[in-house]
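Asker: Right, I'll just put the structure down here and ask away after.
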Amino acid sequence: MYCGTALGLDLATLDHVYPLSRGGTHDPGNLVAACQTCNQLKGAMLPNEFFARHPWAGANFMRYARAVHRNFKRGARRAVSLACAHAA
Ligand SMILES: [Zn+2]
């Protein structure tokens, strides 16, 4: 999801896009597959904080979101534009 590495089920982890500690839920719309490295890197950051720090993750996230459903894409776009505003 974030670095674009192909993952087997043995390596994939479930990441909460909005961390539970920051008000995120277990809703499937808030869960993405991420490798352990990205999951740890992201930690308890909000997606926009994570993307501001690691723009490559935002780029892959958008690429992925474009391939899934519209609601998710809207949320992804908001997170990425927040990240850009944050970085500017
Ligand atoms: Zn990764």
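Only the coordinates and a few stated rules stand behind these numbers; no lab work does. Everything quoted here is computed from the prediction, not taken from an experiment. A quick note on method: Cβ atoms are made from the backbone with ideal geometry, for glycine too, and the neighbour counts reach across all protein chains shown.
Asker: Give the angle, between 0 and 90 degrees and rounded to the nearest 10, that separates the Cα long axis of helix 55-67 from the longest principal axis of the Cα atoms of the chain.
Answerer: For helix 55-67, the angle is close to 70 degrees.
Asker: Now, a different point. How tilted is helix 70-87 with respect to the longest principal axis of the chain? Cα atoms for both, answer in degrees (0 to 90, nearest 10).
Answerer: 60 degrees
Asker: Same structure again: Please find, in a Gaussian network model of the chain (springs between Cα atoms separated by less than 10 Å), the residue of 23, 58, 43 whose mean-square fluctuation is greatest.
Answerer: 23
Asker: In nm, what is the difference between 0.36 nm times the number of residues separating residue 66 and residue 11 and their Cα-Cα distance?
Answerer: The span from residue 66 to residue 11 would gain 17.4 nm if fully extended.
Asker: What per residue convex hull volume, in Å³, do the alpha-carbon atoms of the chain yield?
Answerer: Spread over its residues, the Cα hull of the chain gives 89 Å³ apiece.
Asker: With charges set only on the Cβ (+1 for Lys and Arg, -1 for Asp and Glu), what does the dipole of the chain come to about its Cα centre, in debye to the nearest 20?
Answerer: The dipole magnitude comes to about 420 debye.
Asker: Give, in nm to one decimal, the length gained when the segment between residue 53 and residue 3 is fully stretched (0.36 nm per residue of separation minus the Cα-Cα distance).
Answerer: 16.7 nm is the gain from fully extending residue 53 to residue 3.
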